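Working notes, beginning with the structure itself.
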Amino acid sequence: MRSVRTLTLALATLASAHAAAQAPVVLAAGRAQPGRADSARVLRDARRAQAAFERVRFTHLPWTMDSGAGGAGTCDEIVGRFCIWKTDTEEDWKVPPEHAEVVRERDSLIADLDRAAAASPGDAWVAGQRVRYLVEAGRHADAARAARECRAERWWCLALEGYASHGARDYSAAEASFAAALAAMPADARREWDALTPVLADGEARALRRMAAPERDSILRRLWWLADPLWMEPGNDRLTEHFARLVFDRLQDRARTSDGIFWAYDLAEILARWGQPSGWERVRPRFGQGSLSSVITHYHPSFEFLPSVAMARDPLAIRAEQWKMDERGAHSLYAPPGIRRFWRLPHQVAAFRRGADAEIVAAFEMDRDSIPARPSIDAGVVLMRDPGAAPAVRTARVTSPRGVVRISATPEQTVLSLEAVERDSGRAGRARFGIDLRRPAENGLALSDLLLLDQVDARPRSLDEAAPLARGNDEFRAGDRVAMFWEVYGLDARTDSLTFSLALLRRAPGGLRRTAESLGLARGVGPVRMRWTEEASGAVVPRSVGVTLPRLPAGDYVIEVTARSRSGASAAAQREITVAPPKRPSNRTGR
């Protein structure tokens, strides 16, 4: 009877449409060096040992009664023999400890591979399997040594070094090794590794193929630069994960898989898009099914980090909401080690002048219900204009769900990445977008960005007082009180009369309304709520105010503050906010 195989992803369950055996696709990992008959026997024995170990692993997989989350119904996606549908049950599954016999048999296999490598150091298959199982066993130093002892084609040995470093989470070293492997590999292999055909959706992959070589190379560099999950941590683990998946694909050549399924193009695509499994379970046959058995293949909860080609083409225009990291339709997924949830981070960013530099206040707020009451959050702000530019980085340890990080930077167009990771709960968030820190022409009056404050009654008298109070999101409800801080520049030592006005404007659908021009289209939509006049002087004039939002319908709005001097000079600053729907009343009744 044909068996059914189920593959559970973070947001997807993948089940076999049929289990008809297909001939494996041969993905050569380099030519074995010619040797004597005993070398051939050693290689043959090593392959038998590898197959025997995987059979032992299979016989000790834990049992489950779950037959998969998909069951009946249509496929969300079909990849070769496999029908994919979506689920979110993977959060509840934990990788069980390995059976002691599996650990012993893996150690025995590694010893066999060590002997085979000593007899045939130039055999690419032996070198690859040796590194593979050492990494799997957590013996990272031994895996790195085995990769260095490889005497197969140079590019393959360098790729194995990258694979070993990636397994040890030394992503900077892995990047260097994979870069050297790419430089050394034959042109046809390089084209295969650069193709990204299964990793990108069809339309995106076609757009990349149609580009001339210089443009394609430039887009690839920016695509992988933007795909790096956390810029504040060294190395690009999403890039090295991609190359590690390509290495593992080649390791399946003439090797038995852990679940006994023949390796073919469909499993190669699944690997390239979703990575290696985190574990397996055997499903007990139900009554009347006879000997029918299936295997559930589990993957860590994973997230989409690859940007679109359009985003890679113009990184400075990226908006935070363009990232689709945790959506049902994600095409290619990755799970940073230890991270079980990764989402777009609620945030607020405001820029202020400080001499020739821009002083940036970046605030965020993590979901209080998903992290410990007393969290320990690694937070950071990174500013980087392009892949080759030196980044500006500031990190901090935050012990509450709301955090604030300040950083000084050159006033230019750049990409900002605000990042937060809470290790104990495995929660992380990120806001990454283009930002323009350039100053307007020096023609008199100017305003900083508006900084929303977390304490509605606060009236800070300086940026140092205001920054720690920065609000971690821009969402309010009708009737909430809104406090904000800003600075006025351009008065120098003169004392002047400043008239301030504050308006609330409805944001037109589909527009960000970040510029004065677009805001001008909506003037008159919201009434001016406040106007006042005061005397002021100095190179930097700090101001703060609090207002109560009227009873507004839910939607997107813009708060605009305008300053006008006695001489007629004027400047304006805007802050977008969202008015959320009213909270639904609880149906619970107390006693």
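Filtered by the rule that a residue be touching a residue at least 24 places away in the same chain (Cβ under 8 Å) and either of a type in the set (G, A, S) or touching a Gly at 6+ places or on another chain (Cβ under 9 Å) (or both), the range 423-441 gives R423, S425, G426, A428, G429, A431, G434.
Considering only the range 126-134, I want to know if a residue exists there that is basic (K, R), more than 18 Å from R41 (Cβ to Cβ) and open to solvent by 50 Å² or more (accessible area, probe 1.4 Å). Within the range 126-134, none of the residues are basic (K, R), more than 18 Å from R41 (Cβ to Cβ) and open to solvent by 50 Å² or more (accessible area, probe 1.4 Å).
Residues in the range 138-164 that are under 23 Å from Y334 (Cβ atoms) and not in a helix (DSSP H, G or I): how many?
So in the range 138-164, the residues under 23 Å from Y334 (Cβ atoms) come out as 138, 140, 143-144, 147, 158-164.
Those still in the list that are not in a helix (DSSP H, G or I) too: 138.
Residues in the range 138-164 being under 23 Å from Y334 (Cβ atoms) and not in a helix (DSSP H, G or I): 1 in total.
Residues of the range 363-394 that are within 18 Å of F342 (Cβ to Cβ) and not charged (D, E, K, R): F364, M366, S370, I371, P372, P375, S376, I377, A379, G380, V381, V382. Listed here are the helices (runs of 4 or more DSSP H) enclosed by the range 165-248 that have at least 3 residues being open to solvent by less than 20 Å² (accessible area, probe 1.4 Å) and either out of contact with any helix residue (DSSP H, G or I) (no Cβ under 6 Å at 6 or more places or on another chain) or modelled with pLDDT of 95 or more (or both): 171-184, 213-227. Restricted to strands (runs of 3 or more DSSP E) entirely inside the range 409-497, those with at least 1 residues that are more than 27 Å from I377 (Cα to Cα) and of a type outside the set (S, T, Y) are 413-422, 427-436, 475-477, 481-489. Selection of the range 482-499 for residues being small (G, A, S), in contact with a Leu (Cβ under 8 Å, 6 or more places away or on another chain) and farther than 16 Å from P440 by Cα yields only A483.
Those residues that are more than 12 Å from V488 (Cα to Cα), open to solvent by 20 Å² or more (accessible area, probe 1.4 Å) and not acidic (D, E), I need them from the range 529-546; list them, please.
R529, M530, R531, W532, T533
Of the listed requirements (1) open to solvent by 50 Å² or more (accessible area, probe 1.4 Å); (2) at pLDDT below 90; (3) not hydroxyl-bearing (S, T, Y), A310 misses just one: (2). Of the residues R423, R402, the single one that is within 20 Å of the chain's Cα centre (by Cα) and either open to solvent by less than 60 Å² (accessible area, probe 1.4 Å) or closer than 18 Å to F303 by Cβ (or both) is R423. Among the candidates A255, A272, A227, single out the residue that is among the aliphatic types (A, V, I, L, M) and over 17 Å from the mean Cα position of the chain (by Cα). Of A255, A272, A227, the one residue that is among the aliphatic types (A, V, I, L, M) and over 17 Å from the mean Cα position of the chain (by Cα) is A255. Would you check which residues across the range 293-348 are out of contact with any Asp or Glu (no Cβ under 7 Å at 6 or more places or on another chain), in a loop (DSSP other than H, G, I, E, B) and of a type in the set (A, V, I, L, M, F, W, C) and list them? Selection gives F305, L306, I318, W323, A335, I339, L345.
The values are calculated or read from the model by the stated rules, or taken from the named source; none is laboratory data. None of these values were measured; they are calculated from a predicted model. Reconstructed Cβ throughout: ideal geometry from the backbone, glycine too, with neighbour counts over all protein chains shown. Just so you know, the surface numbers come from the protein's heavy atoms only, side chains and all, with ligands and any DNA or RNA stripped out. Shrake-Rupley method; radii C 1.70, N 1.55, O 1.52, S 1.80 Å.
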